2 protein chains.
Amino acid sequence: MLNPSVLALGQKRSTIRELFEFGNRRAAKIGRENVFDFSIGNPNVPAPDTVRQAIFDILNQEDPAVTHGYTSAQGADFVRETIAQDLNRRFGTAYGARNLYMTVGAAAALSICFKALTVSAEDEFIVLAPYFPEYLVFIGEGAGAKPVIVPPRAGDFQIDLDALARAIGPHTRAVVVNSPNNPSGVVYSEETIRGLAGLLAQKSQEFGQPIYIISDEPYRELVYDADTVVPFLPQYYDNTLVCYSYSKSLSLPGERIGYVLIPDAVQDFADTYAAVCGAGRVLGYVNAPSLFQRVAARCAGQTSDLSVYAKNRDLLYGALTAYGYDCVKPQGAFYIFPQTLGMDDYAFCEKAKQYDLLVVPGTDFGAPGYMRISYCVQTETIERALPIFERLARECR
Amino acid sequence: MLNPSVLALGQKRSTIRELFEFGNRRAAKIGRENVFDFSIGNPNVPAPDTVRQAIFDILNQEDPAVTHGYTSAQGADFVRETIAQDLNRRFGTAYGARNLYMTVGAAAALSICFKALTVSAEDEFIVLAPYFPEYLVFIGEGAGAKPVIVPPRAGDFQIDLDALARAIGPHTRAVVVNSPNNPSGVVYSEETIRGLAGLLAQKSQEFGQPIYIISDEPYRELVYDADTVVPFLPQYYDNTLVCYSYSKSLSLPGERIGYVLIPDAVQDFADTYAAVCGAGRVLGYVNAPSLFQRVAARCAGQTSDLSVYAKNRDLLYGALTAYGYDCVKPQGAFYIFPQTLGMDDYAFCEKAKQYDLLVVPGTDFGAPGYMRISYCVQTETIERALPIFERLARECR
């Protein structure tokens, strides 16, 4: 007498979580340094010292009953105002506290948006492959709607706009966009985003109702080349809800702190904001963790030292292509997504596991024949793992 | 094109939250000291200094990439083991990490349990009046099941077992028990709990399926008389899931940290634990906030200085009964729940609001004709508010 689909999701962890737990067990047995765990997006770069200093300052200067007390459900007013001002500084926007709803990380932000926009069980959310697999759980079991998967454009993992056009129908509520992308590391170009915005405007008109963009942006600040620009979606398409998390930019994934940005330009702004608040309430989110709301405000606009990710990307991309792996050069996030060699991705990743090299099969991201390598690890771990990647290439090709 | 019931919940905040926001606006206008806000259960007693010390120690001693990193979805193993050992010390149980699932506070714990146990839209969860109103939201909109309300036993707010027996049917999945109770402050007696356990065992057999107790226990440690014992429900009834929060015991309501306890004795323990994990995943909870998981472990078994609540209770109970208010003496939590005088509870609370005295109508807790007074405030606030309570009694009686 348990919810069967919920039970199934609890019995079978995501492949990523399963590999993460396997890695922890192996580390306990053979030593952390002998496990080459590229499975999970747990940043190895520590939070910047400003986070530590912010916590000390808050605990030394502020009233603990306020610091640790309930905030308004949407987040403390000064926190939202500070974050809005930082966004305005960076993007030339005019947001205020009214546009932000603080969340328990991006997963909560996404779950809340799906719940707010789901009107019936027929409703569909379009997910662009390759995608973060938990989207399907949040949309399906979480919101009671249907995920519709659109394959990527071959060769560069940009959005296949023709395939997307064919997938949009009268039940389409939103398209989930994740750029810089997990798992491919690709940043959608301005050309792609303009095409997307044009298509959605046209389709919204055709079906007589808004089709939203839900922009999942935990990797916004993680780009590695001077000429890479991540288009800020609300500037291209009005009906955009942005889901942000400090997990990657400030290396705080365990603290669960993020926000939903609801721009004024969103159709029926006040109702949309209210529906987001209502969805948070319905899902049991009372307020985002209060100390880390304050930390996010104090650290607005800052990031961890991201230079190691750039170094890791260059090292991995150079070596893997030299070994004969075929892959799109990632411009952001901390993932590289090469094709597997000589066998399907599950078999390849199982084989890698025998060498204590943990990478995630592309099938889990809707892209069979690839593997996701998370390079948010010590550079030394990559250096020591490269011979294994080389050996696998030799053995499998 | 927004989820209409979710939108409605976002547009109309709970009465408690509405009063809380009203109080904040009034405080900004006339000064915090002139608003007598008894609306929300936001502890005024600060977190104990051990919390502050624990945070300093963790930040000074531990690797920030671990401290702030993802934990296992069910919580860090050592955290769960430490909390289990503390429970074992206090209750003579034999729990381990395997029995605990760390949550983003009690609201998340409850939402997760409702979701895990809901198999169809016909499923019912019994809520005992007077009750915390968000139960209805978590059960209805959150889990997609039906709340069934059972009125209290007149005179003492214990469980009316006959009324409960009549309410149980083939769709009953669980009974929500909240003792010490919000809003009445009543602790269910051992006699009540034995009667409840016997009834549920009999009804489980009659309907051929387990009827669970979901025990919502954020106020477990908040009792004020040496002879008040809060029965620990798993010792009376096997199919009990305990939802705990550190919000009140450690004065950390904004930090959102708590757990679900799933005892080994629960039917199909492994599946039940897995369903709880699955429900957490479905609702977008990745892991409970990592720093405060560690704080909870370091502060296991400790509490804030709760003596002020005892003092506040005595002061309020003595004065209100002297003014002619009729009320059950609260044994725990930090609420007192007197009858309103001379008019219905909404009218009475509106009248109180004109004097900047904020109390919540009993109707919101399923008990018309009463008002909830949260006394987790400065004793001075109570002292200064007593003349207003007296004046209201004179004017309304």
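What to note about this one:
- Some residue of segment A:78-86 being facing chain B (nearest Cβ under 8 Å), more than 30 Å from B:Gln209 (Cα to Cα) and assigned to a helix (DSSP H, G or I): no
Matching residues to (1) surrounded by 24 or more Cβ atoms within 10 Å (Cβ to Cβ); (2) in contact with an Asp or Glu (Cβ under 9 Å, 6 or more places away or on another chain); (3) within 14 Å of chain A (Cβ to nearest Cβ):
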{"position": "B:Asp227", "(1), (2), (3)": "no, no, no"}
{"position": "B:Pro263", "(1), (2), (3)": "no, yes, no"}
{"position": "B:Val282", "(1), (2), (3)": "yes, yes, yes"}
{"position": "B:Phe292", "(1), (2), (3)": "yes, yes, yes"}
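- Those residues of segment B:247-261 which are facing another protein chain (nearest Cβ under 10 Å) and among the hydroxyl-bearing types (Ser, Thr, Tyr), in sequence order: B:Ser247, B:Ser251
- Filtered by the rule that a residue be touching a strand residue (DSSP E or B) at 6+ places or on another chain (Cβ under 8 Å), open to solvent by 20 Å² or more (accessible area, probe 1.4 Å) and assigned to a helix (DSSP H, G or I), segment B:307-363 gives B:Tyr317, B:Tyr346.
- The residue of segment B:364-393 that is least open to solvent (accessible area, probe 1.4 Å), among those that are free of Cβ contacts under 8 Å to residues at least 40 places away in the same chain and within 22 Å of B:Asp314 (Cα to Cα), is B:Met371.
- Checking each residue in segment A:55-75 for being farther than 15 Å from A:Ile257 by Cα and more than 8 Å from chain B (Cβ to nearest Cβ) picks out A:Asp57, A:Ile58, A:Asn60, A:Gln61, A:Glu62, A:Val66.
- Selection count, segment A:43-54, where residues are under 26 Å from the mean Cα position of the chain (by Cα), open to solvent by 30 Å² or more (accessible area, probe 1.4 Å) and more than 8 Å from chain B (Cβ to nearest Cβ): 2
- Test for A:Glu221: is it crowded, with 24+ Cβ neighbours inside 10 Å and in contact with a Leu (Cβ under 8 Å, 6 or more places away or on another chain): no
- Test result for B:Val176, open to solvent by less than 30 Å² (accessible area, probe 1.4 Å) and outside any loop (DSSP other than H, G, I, E, B): yes
- Within segment B:287-299, residues that are more than 15 Å from B:Thr103 (Cβ to Cβ) have Cβ atoms under 7 Å from residues that are among the small types (Gly, Ala, Ser) in these pairs: B:Arg298/B:Ala54; B:Cys299/B:Ala54, counting only partners at least 6 apart in sequence or on another chain.
- Within segment A:90-108, tally of residues that are part of a helix (DSSP H, G or I) and within 8 Å of chain B (Cβ to nearest Cβ): 3
- The residues in segment A:20-37 that are out of contact with any Leu (no Cβ under 6 Å at 6 or more places or on another chain), more than 9 Å from chain B (Cβ to nearest Cβ) and either open to solvent by less than 40 Å² (accessible area, probe 1.4 Å) or assigned to a loop (DSSP other than H, G, I, E, B) (or both) can be counted, and the count is 3.
- Count of segment A:55-79 residues which are of a type in the set (A, V, I, L, M, F, W, C) and more than 24 Å from A:Ala108 (Cα to Cα): 4
For (1) in a helix (DSSP H, G or I); (2) buried (at least 24 other Cβ atoms within 10 Å of the Cβ), each residue gets a yes or a no:
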position: B:Val242; (1), (2): no, yes
position: B:Asp271; (1), (2): yes, no
position: B:Ala275; (1), (2): yes, yes
position: B:Tyr285; (1), (2): no, yes
position: B:Ala288; (1), (2): no, yes
position: B:Gln302; (1), (2): no, no
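- Qualifying position, being touching a Pro at 6+ places or on another chain (Cβ under 9 Å) and assigned to a loop (DSSP other than H, G, I, E, B), among A:Ser215, A:Ser204, A:Ser251: A:Ser251
- Among the residues of segment B:294-343, those that are among the polar types (S, T, N, Q) and touching a Pro at 6+ places or on another chain (Cβ under 9 Å) comprise B:Gln302, B:Thr303, B:Ser304, B:Thr321, B:Gln331, B:Thr340.
- B:Ala108 vs. criteria in contact (Cβ under 8 Å) with a residue 60 or more places away in the chain and closer than 24 Å to B:Ala274 by Cβ: yes
- Applying the condition of being touching a His at 6+ places or on another chain (Cβ under 8 Å) and more than 10 Å from every other protein chain (Cβ to nearest Cβ) to segment B:122-146 and asking which residue is surrounded by the fewest Cβ atoms within 10 Å (Cβ to Cβ) yields B:Glu122.
- Test: residue in segment B:58-65 that is outside any loop (DSSP other than H, G, I, E, B), surrounded by 17 or more Cβ atoms within 10 Å (Cβ to Cβ), free of Cβ contacts under 8 Å to residues at least 60 places away in the same chain and in contact with a Pro (Cβ under 9 Å, 6 or more places away or on another chain): yes
- Residues in segment A:110-121 that are more than 8 Å from chain B (Cβ to nearest Cβ) and part of a helix (DSSP H, G or I): A:Cys113, A:Phe114.
- Segment B:3-19, subset modelled with pLDDT of 85 or more, within 22 Å of the chain's Cα centre (by Cα) and at the interface with another protein chain (Cβ under 9 Å from one of its Cβ atoms), residue nearest to A:Cys277 (Cα to Cα): B:Gly10
The values are calculated or read from the model by the stated rules, or taken from the named source; none is laboratory data. For clarity, every value in this text was computed on a predicted model and none was experimentally measured. Neighbour counts are summed over all protein chains in view; Cβ atoms, including those assigned to glycine, are modelled from backbone coordinates with ideal geometry. Remember, those area values only see protein heavy atoms, side chains included, never the ligands or the DNA or RNA. Shrake-Rupley method; radii C 1.70, N 1.55, O 1.52, S 1.80 Å.
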